[in-house]
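Everything below concerns the one structure shown next.
The values are calculated or read from the model by the stated rules, or taken from the named source; none is laboratory data. Just so it is clear, the structure is predicted and the values come from calculations on it, not from any experiment. All Cβ positions, glycine included, derive from the backbone under ideal geometry; neighbour counts span all protein chains shown.
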Amino acid sequence: MSYTHQGCPGKQLALERYEQLNTYIETLHIVPDNPRRKDTLIQTLHKAQGIFGYLPDEVQHHIAQKYNISHAEVSGVISFYNYFTTTPKGDVQINVCLGTACYVAGADKVMQEFERVLDIKSGEVTPDGSFSIEGLRCVGACSLAPVVTVNEKVYGKVQPEKVPEILEHYLTEVSATGDASNDQD
Amino acid sequence: MTRINSQQQLLETYQQVRPLLNLRLNGQDVASSERTIMVCGGTGCHASESQQLVANFQALIEENGLSDSVQASVTGCFGFCEQGPIVKIYPDDVFYVQVKPEDAHEIFEEHILDNRRVERLLYTDPVLQERVAEQHNIPFYQPQQRIALRHAGLINPEDIREYIAVEGYQALGKVLTEMTPQQVIEEMKRSGLRGRGGAGFSAGKKWEFAQQYDAPEKFIICNADEGDPGAFMDRSIMEGDAHTVIEGMAIAGYAIGANQGYVYIRAEYPLAVQRLRRALDQARELGLLGTDILGSGFDFDIDIRLGAGAFVCGEETALIHSMQGERGEPTTKPPFPAQSGLWGCPTIVNNVETLANVPVIFTRGADWYNSIGTETSKGTKVFALAGQVNNIGLVEVPMGITLRQIIYDIGGGIKGGGEFKAIQTGGPSGGCIPSKFLDVPIDYESLASIGSMMGSGGMIVLSDATCMVKFARYYLEFSVEESCGRCLPCRVGTKRLHEILVNITEGRGTEADLVELKELSEIISDTALCGLGQTAPNPVLSTMKYFWDEYVAHVHDHRCPAGACEKMLNYEIDPEKCIGCTACARVCPVDAISGQVKQLHTIDQVRCIKCGACKAKCKFKAVNIN
């Protein structure tokens, strides 16, 4: 799940990703008429989201076909679980923990500050696709409350004043790879 | 290591690996130059770069050619997360706190090479203002009794040999070679162990139900979908002692006649998943999982299933649906999963902490276990202590301890010297307990009788800075978001409760709202489909019961006593500081500010929508919030 959406998938890249997904699905030995075949569906969706960054319709159709189930069933499962997303996230994914300990320590103010600085709401992506913000339920690092995770990195005891500092760090990173993501679409 | 084929071979292996822990278990011979450095590898400390700390120690050991006498390794969560990352040195029992990767050098030079403690990294007792060197002398640990967390801080969770060295898998060996499934269930019932996931049903009785059904297939599921915000004990056990859970599951499998187990674990816990995977591989390699375990003829294996972020999947019927690759919606009980669960087969769903208690019941006996705790609740309970308390962390205490002991003796009192207001237990299904109940001995029944519940063990301490109405709103927001939508009382009811609470906290509440809040809460409790819906109004009911005056203050006086509800605050202009620059009046979206140039401005409180734009704009800090 370390993959981050890097802008242009490109045809070649998309093919490689489908191949990667197919290789995983083959190891599951799905039997098309086995009534229990769906028991690995959620693992496969995790895998697919790790590969593609999100779960667009085409990927859902592809998975439905492999499992010999309808697209509606796949879509129903995806929409039920918070972890799955059908829209791409930013290159830099900011998650603000909204667990109780973080809430009591003022996580809502940290969230507001991220929203204010980036000028997007929780659940949205900046127009250039670099940043997205989301609320996250307890990561269990309550001693570090309020906690913010950015991609894989955990930031503890984050106060609203620290928000611009965190963003600046990633801003330099984004602009360094900016050329690659500008020529998308 | 080679496969272990019998109970006899297991005991031989135990004798072989036992010396690995000599320094840690027999301690105190500090004259020798041998040392073991254990570094906390729980998620909290991991986030504070404890991994780098271990690497630094290992590099130093290597550089100094001390690999034969000094070891550094990662271990399970010590629980004292507030002070993390933690480093413990055996056999001295010296406990270093808030250690940074760069401190490794100093600890190594001073402590390991020169046998002198690094005073500045020792824990400081906040009351006595004295340094405390040994773990057992730190007040945080003194009232604790560690059973489920017995190996945290002692063994390396990534090495099965260390688990075997603490008599690991011997309970399974004993059960498989000396006991019938019926005897196992009797022993479990006698121990008095009750489900640690929240509801507190007798674990032995649950197993007995599943055992009674004759079915070609049965399943054991370990519920590690710890969705309660603010609770992290299951994650710590998985990260620090996964083998104990595996052993507990295998014993349960033998008792009910299941050959397959599953661990349903949150995808948000990558470290726990990784450690569990490794533990499963090691157990399989030694033949402690798989076919013909210890030559007994009993087959048992375990697979992992990842959750995908749905709180309701902690409910056992919803969890089973999720494992079948469906939407994780609950269904009515009966039939209970013990009769018809996964794929319609008898299935036991036990919580992580429950299973972690199982092996020790068989190595030390049910009589020993049931001597701990209260009349109705036996053993210990792990709590995740968090919120406005000085010592945030994981604590394991015998049932029957009081909340006062937990908050003040272990927790070190309220953060920042604030006043205690309430303690919230049981997460979104629980309630808030006010100070008058601080001396109630806690067990399943006593917590329920004061309007809360044991829950999975989250404990959030609240100080006088918390508004209880807003806090109830926070939990309802959670319930609205996490309601699966299957039944109407929960889907629509929680939404409506949340709307009323928003109105009250934004100063638009009426007396009729208070009546409706209570009635609606009771209706949801009575009519929702599953446990989560039925308990979702608890945060409202308990805060209304114990903090009624705060609700009244919001509705009648349009005032938030804790000063936490922004919309109820009044923005006022300080006549001393205002120079009449008109900046605030120009930025006000509702034209609520009046005043001439170079004269004092005033805010019309009726028009003001409390957006805060004037405060943000004023360069002279003349806008105050009251």
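Within region B:84-133, being polar (S, T, N, Q) and touching a residue at least 60 places away in the same chain (Cβ under 8 Å) holds for one residue alone: B:Asn115.
The residues of region B:542-567 that are in contact (Cβ under 8 Å) with a residue 60 or more places away in the chain, touching a Gly at 6+ places or on another chain (Cβ under 7 Å) and surrounded by fewer than 20 Cβ atoms within 10 Å (Cβ to Cβ), listed by number, are B:Lys545, B:Lys567. Selection of region B:201-234 for residues being touching a strand residue (DSSP E or B) at 6+ places or on another chain (Cβ under 8 Å), within 14 Å of another protein chain (Cβ to nearest Cβ) and not acidic (Asp, Glu) yields B:Phe219, B:Ile221, B:Ala224, B:Pro229, B:Gly230, B:Ala231, B:Phe232, B:Met233. Evaluating B:Glu353 against the criteria (1) assigned to a helix (DSSP H, G or I); (2) surrounded by 24 or more Cβ atoms within 10 Å (Cβ to Cβ); (3) out of contact with any helix residue (DSSP H, G or I) (no Cβ under 7 Å at 6 or more places or on another chain) leaves one unmet condition, (3). If only residues of region B:282-329 that are of a type in the set (S, T, N, Q) and not in a helix (DSSP H, G or I) are counted, the one that is farthest from the other protein chains (Cβ to nearest Cβ) is B:Ser296. Only residues that are in contact (Cβ under 8 Å) with a residue 12 or more places away in the chain, more than 14 Å from every other protein chain (Cβ to nearest Cβ) and over 27 Å from B:Gly253 (Cα atoms) were counted in region B:376-409, giving 12. Among all residues of region B:519-526, there is at least one that is farther than 21 Å from B:Ala422 by Cβ, touching a Lys or Arg at 6+ places or on another chain (Cβ under 8 Å) and free of Cβ contacts under 8 Å to residues at least 40 places away in the same chain.
B:Val382 meets each of the listed conditions (1) modelled with pLDDT of 95 or more; (2) assigned to a loop (DSSP other than H, G, I, E, B); (3) not charged (D, E, K, R) apart from (2). The residues on offer are B:Lys206, B:Lys174, and the sole one that is under 29 Å from B:Ala448 (Cα atoms) and either under 28 Å from the mean Cα position of the chain (by Cα) or surrounded by fewer than 22 Cβ atoms within 10 Å (Cβ to Cβ) (or both) is B:Lys206. Which ones in region B:330-344 are surrounded by fewer than 22 Cβ atoms within 10 Å (Cβ to Cβ) and within 14 Å of chain A (Cβ to nearest Cβ)? Listed by number, the residues that qualify are B:Trp343, B:Gly344. Among the residues of region B:427-446, those identified as among the small types (Gly, Ala, Ser), closer than 19 Å to B:Val382 by Cα and out of contact with any Ser or Thr (no Cβ under 6 Å at 6 or more places or on another chain) are B:Gly427, B:Ser446. Restricting attention to region A:45-76, the residues being under 18 Å from B:Glu268 (Cα atoms) and facing another protein chain (nearest Cβ under 9 Å) number 2. Looking only at residues of region A:142-156 that are outside any strand (DSSP E or B) and free of Cβ contacts under 8 Å to residues at least 24 places away in the same chain, we find that the one that is nearest to the other protein chains (Cβ to nearest Cβ) is A:Ser143.
Of the candidates B:Ile423, B:Ile442, the single residue that is free of Cβ contacts under 8 Å to residues at least 40 places away in the same chain, under 22 Å from B:Leu394 (Cα atoms) and touching a strand residue (DSSP E or B) at 6+ places or on another chain (Cβ under 9 Å) is B:Ile423. Being at pLDDT below 95, more than 14 Å from chain A (Cβ to nearest Cβ) and either under 23 Å from B:Val395 (Cα atoms) or buried (at least 24 other Cβ atoms within 10 Å of the Cβ) (or both) narrows it down to one of B:Ala250, B:Ala152, so name that one. Answer to the selection: B:Ala152.
Kindly indicate the residue of region B:580-621 that is of a type in the set (A, V, I, L, M), more than 44 Å from the chain's Cα centre (by Cα) and not in a helix (DSSP H, G or I) and also modelled with the lowest pLDDT among those meeting that condition. Within region B:580-621, the match that is modelled with the lowest pLDDT is B:Val606.
Checked against the criterion of being under 23 Å from the mean Cα position of the chain (by Cα), within 23 Å of B:Leu342 (Cα to Cα) and at pLDDT 95 or above, the candidates A:Ile78, A:Ile69 yield just one match: A:Ile78. With respect to the stated conditions, B:Gly240 fails to be modelled with pLDDT under 95, within 14 Å of chain A (Cβ to nearest Cβ), on the phi > 0 side of the Ramachandran plot and in contact with a Ser or Thr (Cβ under 9 Å, 6 or more places away or on another chain).
When B:Ala104 is tested against (1) touching a Cys at 6+ places or on another chain (Cβ under 6 Å); (2) assigned to a helix (DSSP H, G or I); (3) not charged (D, E, K, R), only condition (1) is not met. Taking region A:93-114 only, how many residues are part of a helix (DSSP H, G or I) and either polar (S, T, N, Q) or more than 24 Å from A:Tyr83 (Cβ to Cβ) (or both)? The number of residues fulfilling the criteria is 5. Considering region B:568-580, the residues that are touching a His at 6+ places or on another chain (Cβ under 9 Å) and in contact (Cβ under 8 Å) with a residue 24 or more places away in the chain include one that is surrounded by the fewest Cβ atoms within 10 Å (Cβ to Cβ), namely B:Cys578.
For region A:117-127, a residue qualifies if it is touching a strand residue (DSSP E or B) at 6+ places or on another chain (Cβ under 9 Å) and either part of a loop (DSSP other than H, G, I, E, B) or facing chain B (nearest Cβ under 8 Å) (or both), and the qualifying residues are A:Ile120, A:Lys121, A:Ser122, A:Gly123, A:Glu124, A:Thr126. Hey, among A:Val174, A:Val147, A:Val163, A:Val125, which residue is at pLDDT below 85 and of a type outside the set (Asp, Glu)? On inspection, the qualifying residue turns out to be A:Val174.
Within the set B:Arg508, B:Arg473, the sole residue that is within 14 Å of chain A (Cβ to nearest Cβ) and among the basic types (Lys, Arg) turns out to be B:Arg473.
Considering the conditions (1) in contact with a helix residue (DSSP H, G or I) (Cβ under 7 Å, 6 or more places away or on another chain); (2) more than 14 Å from chain A (Cβ to nearest Cβ); (3) in contact (Cβ under 8 Å) with a residue 24 or more places away in the chain; (4) among the charged types (D, E, K, R), B:Glu49 is excluded by exactly one of them, (2).
Conditions (1) within 13 Å of chain B (Cβ to nearest Cβ); (2) free of Cβ contacts under 8 Å to residues at least 40 places away in the same chain; (3) among the charged types (D, E, K, R), marked per residue:
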| residue | (1), (2), (3) |
| --- | --- |
| A:Ile78 | yes, yes, no |
| A:Tyr83 | yes, yes, no |
| A:Thr86 | no, yes, no |
| A:Cys97 | yes, no, no |
| A:Cys102 | yes, no, no |
| A:Glu115 | no, yes, yes |
| A:Gly129 | no, no, no |
| A:Val139 | yes, no, no |
